[in-house]
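Report on the following structure.
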Amino acid sequence: KRLFLPIRTGRGPVGIVGLDSDKPGPLLSPDQRRLFDALSDQVAVSIERINLAEDVDRTRLLAETERLRSALLTSISHDLRTPLASILGAASSLETYHAVLDETGRREMLRTIQEEAERLNRFVANLLDMTRLESGAIELHREAADLGEVIGSALARASKVLADHRVQLEVAPDLPLLHLDVVLFEQVLFNLLDNAGKYTPASSMVTLRAWQEAAPGGSGVVKLQVIDEGPGIPDAALERVFDKFYR
């Protein structure tokens with residue numbers, strides 16, 4: 001009345017396939033039995049392919065996790081230790097040579113401590129923001145905003161990193177109010193300006209443009225560009241520029 005066959009793969013049995021019938025006589029003819037065996041083998045091959053695909057995905061995920069962990073440790077060791085070394089060096093010099101340093105020297109040391117502490121604070125804030133974004137803890141708070149004011153605020157924050165650059169603004173005067181999260185949008189602009197300041201030669205130009213274009217359907221589109229005079233991003237790296245910790 002019933003027939004059960006194990007479904008076997010290279011890993012061993014992964015299941016059972018069974019037949020039952022209330023018909024009198026043999027459950028299967030010899031040809032049907034061969035067909036049933038062949039179908040069972042095909043099911044085993046399909047299950048094995050699924051298992052292999054899952055193994056590949058699991059291996060890829062582990063490799064990506066390890067790569068990110070290594071990149072995180074490398075980034076933290078560089079971006080934390082560099083400003084910390086500057087802060088400790090300046091503080092130690094202030095303590096050791098306070099009596100022989102003139103007012104200009106002391107101010108220079110204090111300015112170094114302040115700038116490196118701010119740099120450290122930005123890095124830690126970026127790490128925390130990244131964690132909050134990936135956990136879904138950040139919610140957008142959109143409101144009507146004047147793009148010119150957001151640009152001005154981002155430029156004020158980036159004033160130190162752009163101190164050795166020339167900045168040119170080309171913002172159209174008749175831009176409409178935009179519906180956006182002001183804090184996060186300003187952060188996007190600051191990141192772009194920060195990159196422009198870091199990876200371009202001193203005295204080079206950083207241009208910020210904003211204008212409105214007509215779009216199909218009658219609605220307008222506001223476009224924003226941050227343009228620098230650096231070497232640019234190599235074509236091979238374009239697909240990775242948004243990977244975590246990739247430089």
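For the chain, with a Gaussian network of springs between Cα atoms less than 10 Å apart, report the residue from R119, R132, R11 with the top mean-square fluctuation. Comparing R119, R132, R11 in a Gaussian network model of the chain, the most mobile one is R11. Accessible surface computed residue by residue for segment 77-117, with neighbouring protein chains in place and a 1.4 Å probe, gives 71 Å² per residue. Inter-label distance, S153 to E213: 2.7 nm, where each label sits 7 Å from its Cα along the C-beta direction.
Between 0 and 90 degrees, the angle of helix 103-134 with respect to the longest Cα principal axis of the chain falls at about 20 degrees. Straight Cα distances below 25 angstrom link K198 to the lysines K160, K223, K244, with same-chain residues fewer than 8 positions distant left out.
How far, in degrees from 0 to 90, does helix 182-198 lean away from the longest principal axis of the Cα atoms of the chain, to the nearest 10? Compared with the principal axis, the helix lies near 70 degrees. Where q = 0.12, 0.18, 0.22 Å⁻¹, what log10 of I(q)/I(0) comes from the Debye formula for segment 87-205, counting one point per Cα? At q = 0.12, 0.18, 0.22 Å⁻¹ the computed log10 ratios are -0.63, -1.06, -1.25.
In this view, the solvent-accessible surface of D37, computed with a 1.4 Å probe and all protein chains in place, comes to about 50 Å². Projecting the Cα positions of N121, V221, I16 onto the charge dipole of the chain (unit charges on Cβ atoms of Lys, Arg, Asp and Glu, taken about the Cα centre) puts I16 furthest along the positive direction.
For segment 158-203, the Kirkwood radius over C-alpha pairs fed into Stokes-Einstein at 4 °C and 1.567 mPa s yields D = 106 µm² per second.
Compute the FRET efficiency between V222 and V167 as 1/(1 + (r/R0)^6), taking r as their Cβ-Cβ distance and R0 = 25 Å, and round to the nearest 0.05.
On the way: r = 20 Å, r/R0 = 0.81.
Step by step, r from the Cβ atoms, then E = 0.80.
For L169, the solvent-accessible surface with a 1.4 Å probe is about 100 Å², rounded to the nearest 10. Of the solvent-accessible surface of the chain, computed with a 1.4 Å probe and all protein chains present, 57% belongs to carbon and sulfur. Applying the Kirkwood pairwise sum to the alpha-carbon positions of segment 114-181 produces a hydrodynamic radius of 14.7 angstrom.
Any idea what the dipole of segment 96-247 comes to, in debye rounded to 20, about its Cα centre with Lys/Arg Cβ at +1 and Asp/Glu Cβ at -1? Provide the component values of the computation, followed by the final result.
On the way: 16 positive and 24 negative charges, 64 e Å.
Once rounded to the nearest 20, the dipole reads 300 debye.
Entry note: segment 13-80 has Rg to Rh equal to 1.47, where both radii use alpha-carbon atoms and Rh is the Kirkwood radius.
Selection among S40, N51, P83 by position relative to the dipole of segment 1-89 gives S40 as farthest towards the positive end (Cβ unit charges, Cα centre).
With r defined as the distance between the Cβ atoms of D181 and A117 and R0 fixed at 22 Å, what FRET efficiency is calculated, to the nearest 0.05? Walk me through the numbers on the way to the answer.
Numbers: r = 27 Å, r/R0 = 1.25.
Rounded to the nearest 0.05, the efficiency is 0.20.
Considering helices alone, the calculated mean residue ellipticity of the chain at 222 nm is -19000 deg cm²/dmol, with DSSP H runs of length four and up weighted by -39500 (n - 2.57) and normalised per residue. For segment 75-121, the spherically averaged projection of the C-alpha convex hull amounts to 3.0 nm². With angles folded into 0 to 90 degrees, how steeply does helix 30-97 sit against the dominant principal axis of the chain? Use alpha carbons for both and round to 10. Taking the Cα atoms of the chain, the angle to 30-97 is about 20 degrees. Semi-axes of the equivalent ellipsoid for segment 40-124, computed as √(5λ) from the eigenvalues of its C-alpha gyration tensor and ordered from largest down, come to 58, 9, 5 Å. Once you divide the Cα radius of gyration of the chain by 2.2 N^0.38 Å, the number left is 1.76.
The values are calculated or read from the model by the stated rules, or taken from the named source; none is laboratory data. Small disclaimer: the values here were computed from a predicted structure and weren't measured. Quick reminder, even Gly has a Cβ in these numbers, built from the backbone with ideal geometry, and neighbours come from all protein chains shown. These area figures cover heavy atoms from the full protein model, side chains too; ligands, DNA and RNA do not enter into them. Shrake-Rupley method; radii C 1.70, N 1.55, O 1.52, S 1.80 Å.
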